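Novice: Sharing a structure with you now.
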Amino acid sequence: MNRADFLILAGYCAVLFGVSFVGGRPLSRHEAVLPQSSREMTVDHDWIVPKSGGRPWMESPPLPQWITVAVTSVLGHRNQVWPYRVAPAVMATGVVLLAAWMASGWFGRSIGLVSGLVMATLSEFTRYAWLAEDEIFLCFLVTACTAAFVRLEFFGGLPAEGQPGGFLGTRPRGMLLFFLLLGATNLAKGVFFGMGITLIPILGYWIINRDWRAVRPYVWSWGWLATITVGAAWPAAALWRFPDVANVWFYDQLGRVSGNYTEINQPVWYYLQYLPEEIAPWTLIALLGLGLTAKAALQQKRSAERFLWCWAWLPLATLSVPSGKHHHYLLHSLLPWSVLTTLGLFWIRTHVWRWPAWTRSPWGSVPLIGIPGAMAIALVGGRWDWSAWNIVWVAAGWMVLCWFFSCGLWHRRPQVAAFTLFATVAAGYCGGHIYAGRHADRYRFDTAFLQETKQWVPADKPLLVNAGMGQLEAFHTLFYLDSRATALHNLTFLLDARIQSEEVYVVTYGSDIAELAKYGEAKKVIASPHTWRHGVEGDPLTLFHLQYHPHTVRQPAQVRISPMQAMTYDHGPYLR
């Protein structure tokens with residue numbers, strides 16, 4: 001691939017991923033974690049411990065926060081959503097470029113370019129490229145580390161036979177880069193998760209090949225020392241600051257393996273159920289590519305097809321064993337499906353002219369992909385609680401898109417066909433994103449409520465947020481109330497001696513009015529029309545005006561809030 005190819009891919013990503021900057025879609029509760037913790041890091045300059053309302057939030061290492069702080073420091077506008085979505089879009093673009101680079105090295109320039117376009121449009125990947133979450137940062141690190149391995153293994157990066165290569169010997173710089181990136185995967189998302197998800201396909205590839213000489217260059221003291229140094233830096237610093245943070249990691253990560261972390265327990269077939277949705281809209285073509293590469297993957301040692309199969313299937317199989325599962329865990333192993341899809345697309349393009357003429361007609365696209373796509377929209381819309389009319393309009397729009405893009409899809413010039421295909425896919429994604437932000441997003445009501453809250457509360461009155469509402473609610477609420485609000489670890493902290501006013505405003509759930517009555521006279525001011533929480537109905541976010549009881553005794557709140565308590569894994573502390 002040449003520079004122009006990479007510019008084309010970068011431009012395509014800028015349009016597709018950049019729609020999240022202007023689409024108007026609000027942050028979700030989970031998505032608010034990175035923006036709010038980054039904003040708190042900007043204020044307190046604590047680069048080791050991310051915070052949630054001033055409390056230690058140490059579920060994951062802070063590399064995503066560091067990058068986000070750097071980006072928002074340049075862009076400004078920290079009270080808006082779009083600056084926090086820039087870094088994830090850049091990370092996702094990096095993954096797309098690396099996918100294209102690897103595929104072009106294996107199968108040629110055209111396959112590489114199209115693989116990058118397919119990667120950008122895998123549904124799960126596009127979704128996380130839009131979101132201000134740390135998953136896409138880890139995806140980039142895993143992809144970069146794997147690309148370093150691919151360069152060593154397939155593109156002549158390993159030391160030649162006879163060169164010094166003992167345990168204490170020298171290696172090419174590309175080998176050092178691989179080990180440094182492997183350590184860096186421990187700086188985003190869960191501790192050790194990134195390393196594991198990176199090494200699983202590599203180890204599997206070596207084992208299946210049974211060529212142990214290929215492993216020998218990686219038995220290198222300086223390389224593993226680099227991995228340990230980079231990977232252990234933040235966990236060591238975190239343990240120095242909070243020795244009990246290990247309790248969070250054991251509970252959060254080992255609990256997902258053992259099943260003790262019951263919130264995300266799923267059956268063993270969970271990922272097989274979600275995979276077709278995650279690689280949509282290319283699911284059927286990806287399966288075709290899987291079939292086309294089966295012979296080489298199964299029979300040819302050290303082939304690109306074999307490594308793609310290992311990367312596509314071994315993480316899925318390994319992650320299926322623990323009880324705890326989540327669909328975004330597959331994000332880091334979606335790249336091989338983009339290459340398999342591209343091989344399927346090129347096969348179709350080669351053989352399409354042998355098909356009946358009606359299959360190349362714009363009307364032929366309706367039964368081939370229009371109707372199956374409409375059925376998929378109906379299934380997804382039902383899962384997302386869309387109304388019947390929303391499903392009908394989106395499905396109808398899909399059918400119209402199918403008709404238009406098929407007009408150019410079967411053009412004799414492959415460049416026209418590719419442009420038509422991927423421009424249509426991008427238009428569909430962008431339109432869907434904008435529509436969802438304005439009409440279907442679950443958090444639009446809460447966001448409007450929080451923005452209205454700032455207008456209701458007088459500037460001279462304290463605005464307090466009950467951070468004990470839930471694990472993630474505080475991030476979302478504090479972000480939209482920005483510097484106007486102060487977090488309470490729980491409602492007993494209304495007795496904090498630092499609160500001197502006899503009259504405060506409190507944002508919490510409507511059902512907390514009985515608890516507020518213990519501290520004073522609580523009156524509802526405004527409430528969100530609809531607060532979405534899994535399994536909870538009829539308990540919206542509410543703004544209360546609280547007039548303290550006369551002679552309320554305040555207490556010093558210099559109490560330690562542990563990492564487990566900050567994440568609601570442990571109860572307390574309480575001031576009452």
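Novice: Taking the Cα centre as origin and putting +1 on Lys and Arg beta-carbons and -1 on Asp and Glu beta-carbons, what dipole magnitude results for the chain, to the nearest 20 debye?
Specialist: Using Cβ point charges on Lys, Arg, Asp and Glu, the chain gives about 1700 debye.
Novice: Among 282, 389, 82, what is the fewest-to-most ranking by other Cβ atoms within 10 Å?
Specialist: Final ranking by Cβ density, sparse to dense: 389, 82, 282.
Novice: Could you order the peptides 427-434, 562-569 from most to least packed, using the average number of other C-beta atoms within 10 Å per residue? Mind dumping the intermediate values first?
Specialist: Numbers: 427-434: 17.9, 562-569: 20.0.
Highest-to-lowest ranking by the protection proxy: 562-569, 427-434.
Novice: Still on this structure, please answer the following. Which pairs in the list 461/524; 51/524; 454/523; 454/524; 189/325 are over 22 Å apart, alpha-carbon to alpha-carbon?
Specialist: Result: 51/524 exceed 22 Å.
Novice: Among bridges DSSP assigns within the chain, what percent are antiparallel (round to 5)?
Specialist: The antiparallel fraction comes to roughly 70 percent.
Novice: Got a sec? How would 154, 178 order by Cβ neighbour count within 10 Å, fewest to most? Don't skip to the end; give the middle numbers.
Specialist: Details: 154 16, 178 30.
Ranked by crowding around the Cβ, least crowded first: 154, 178.
Novice: Take the alpha carbon gyration tensor of the range 170-289, find the square roots of its eigenvalues, order them as a ≥ b ≥ c, and report rounded if a/c is under 1.5; if not, report prolate when a/b exceeds b/c, else oblate.
Specialist: On the way: a/c = 2.24, a/b = 1.08, b/c = 2.07.
Verdict is oblate for the range 170-289.
Novice: Mean residue ellipticity at 222 nm from the helices of the chain, using -39,500 (n - 2.57) per DSSP H segment of n ≥ 4 over the full residue count, to the nearest 500 deg cm²/dmol? The partial results should precede the final answer.
Specialist: Values: 24 runs with 311 residues, N = 576.
That comes out to -17000 deg cm²/dmol.
Novice: Sort 138-146, 435-443 by packing, meaning the average of other beta carbons within 10 Å per residue, with the highest value first. Walk me through the numbers on the way to the answer.
Specialist: Working: 138-146: 26.3, 435-443: 17.0.
The most tightly packed comes first, giving 138-146, 435-443.
Each reported figure results from applying straightforward, stated rules to the coordinates on display, with no laboratory input. Bear in mind the structure is a predicted one, so any value in this text is a computation, not a measurement. Glycine gets a Cβ as well: all are built from the backbone with ideal geometry, and neighbour counts include every protein chain shown.
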